[in-house]
Each structure stands twice: as structure tokens, then as C-alpha cells.
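Only one structure is covered here, and it is reproduced in the block below.
The values are calculated or read from the model by the stated rules, or taken from the named source; none is laboratory data. Computed from a prediction, not measured in an experiment: that's the story for all the values here. Positions of Cβ are generated from backbone atoms using ideal geometry, with glycine treated the same way; all protein chains shown enter the neighbour counts. When the accessible area is computed, the model is the full protein with side chains, heavy atoms only, and any ligands, DNA or RNA have been set aside. Shrake-Rupley method; radii C 1.70, N 1.55, O 1.52, S 1.80 Å.
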Amino acid sequence: MSKYKENVLDRFRLDGKTAVVTGGAGNIGRHSARAMAQAGANIAIVDLPACLERSKEVAADLSSAYGVKAVGYGCDLVDRNAVEQLFEQIEKDFGSVDVVHNNAGVGGALVPDIESWDSEHDMPHIDHFRQVLDINLVSIYIVAVTAARIMKREGHGGSIINTGSLAAHIVNMGTVFETMDDSSYGVAKAGVLYFTRHFASQVSRYGIRVNSISPGYCYSPGLHDGLPKDILDTYNNSQPAKRMMDVEELQGAILYLASDASSYCVGMDLLIDGGHVIW
């Protein structure tokens, strides 16, 4: 008898599992959590302590809409002790940790690396560079390792999905904002992709799969609304799809990697970029 569910659609279900989404109050995080809740998962929404009320609102919306258990949390994910306490609380509240979408992040600076002062963030450029690496890479490491230790102890395996970026694969077009972006964001996201492969090789023996998604230019109302038409045209026309991605177009990839449908997918990056890198 096959160990796989006969109906392939059933392999995408997450009934009875607990999914943790970091950056859960943001655009990608909210849609990731929604997809997994629709598949039956209970959801832990994690974002910064300052965003706790928003995290709670997202959780309440998921619980009401899909009848799952959902709780909002606030945590500084660069603080290892705080992350360990967070996951201990999630395990206590839900009973297990099965899926983690390791998604929290922040943008880089629209200032060239050659400039010593980051005028956008009003600090020495090196300080912001370190800050971006802490939030976009070090936090990914802390969350993944903490979650994997719990999954190993619980003995049931699990799935960890790290959010990379198109910027890990290419150098973003600096001409969009008439200045070269600094390298911090792309460096951090490239590190996420390497860490994904390396860590996947360490924990696969415990039934823990580690993979990543790399979104291309994803439309975000707060970021893109109000930009001049020529800048939006540059975003929309820089890939064969001739448009930016809608955030909903990430949900299928996230659900695939979270579920048993991707049971033989280990250390892989799913690049979802409208064909950007083929040009």
C-alpha cells in the first residue's frame, strides 16, 4: 500500500499542523498564513513587538475565516534568547511546531556603498549594512535553528521555508531610483540561499526539509502606490511577464513547500520572478 495519499490534492493539506509565520503582519506573511490556514493549519503569526496588535488582528481574521487556531506574537528575531522563548511559548500554546515560514526582513539602502554616510537612514553606512544583515540573515539563522531543534526533539520532522529574493540571484537595477542600491539586501538574501542549502543537508536526516522561495518584484501598495509612472514601467517591463507579481502568486509555492506535496524537495530555491533572470 502506498504511503502517499491517493488524491494528490490531499497531499497539500496541513490539517492538525502548526505553522509559524515570521513577518506575519506584512504583505507576504499575511498571504502565506492565509494559504496555510485554508489548508487546515493552525497559525502562529509573529512580527515585531511594535506590530503585536497587527499580528493579533491577522490571527483573529484567520481564526474567524477558517476556523483554525491562530495567535499573534511579538518578538525581536535577532535576539536568540527571545526567539527561544517565543518557540517555547508557541509549542506550549499549540502542542507542536511543524512548519515555519521564515519570512521576516527589511529593505536595504538607496545609497551607493561607496558613500560613507547613509543619508536615507541617517547613520554611518556600515551600521545600516550590519543592521540589514542582522535582520535579513542572522534572524533567519536563529529562527531556523531554534525551530529545527524543537522539530528534532518532537520527532515528527517538519518544513522550514526561508524567504530569499530575486536580489540573491541578480544585481537590482540601480537606475530605477537614479542611484545604486547598496549591496546589503542582496548580500543578506544570497546568504539566505546558501544557508538554506547548507542547513538542509544537516537536518534532512531528522525528516526536516529546508527550502526557500525567491520572489521577484512583488507589488506592494505601501511601496509602489504613488511612484512615478516611469519607475513603475521599469518594474513592470523588466521581465517577460511584463508586470510585477501579485502577492497571491506566492501562495502556491509556499503551500507546496509546507506540505507533503514537496516531500522530496530538500535545499531547493523556488525562483518566482516572472522570468526576470532569463533575460
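Key figures
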quantity: Accessible carbon and sulfur surface of the chain relative to its total accessible area, %, 1.4 Å; calculated: 53 percent
quantity: Sorted peptide list for 138-148, 248-258, criterion being average Cβ within 10 angstrom, highest first; calculated: 138-148, 248-258
quantity: Links that overshoot a 19 Å alpha carbon limit, given the list 17/152; 3/92; 17/69; 17/92; calculated: 3/92
quantity: Calculated on alpha-carbon atoms, Rg and Dmax of region 189-279 in Å; calculated: 15.8, 50
quantity: Percentage, to the nearest whole number, of Cα pairs in the chain over 32 Å apart; calculated: 23 percent
quantity: Built amide H within the under 5 Å cut-off of residue 113, gap 5+; calculated: 183
quantity: Environment charge at residue 86 (Cβ cut-off 14 Å; Lys +1, Arg +1, Asp -1, Glu -1); calculated: -4
quantity: Equivalent-ellipsoid semi-axes of region 50-192, from the Cα gyration tensor, Å, largest first; calculated: 33, 17, 15
quantity: Normalised contact order of the chain, rounded percent, pairs of Cα under 8 Å and 6 or more residues apart; calculated: 18 percent
quantity: Where region 197-247 is the region considered: accessible area per residue in Å², 1.4 Å probe; calculated: 50 Å²
quantity: Surrounding net charge for residue 154, when Lys and Arg each add one and Asp and Glu each subtract one, Cβ distance under 13 Å; calculated: +2
quantity: Part-to-part distance (alpha-carbon centres) for region 67-82 and region 220-241, which is given in Å; calculated: 32 Å
quantity: Proximal lysines to residue 242, defined as alpha-carbon separation beneath 23 angstrom and excluding residues fewer than eight positions away on the same chain; calculated: 229
quantity: Region 1-103: GluC sites (Glu not before Pro) in DSSP loop, at most 15 other beta carbons within 10 Å; calculated: 6
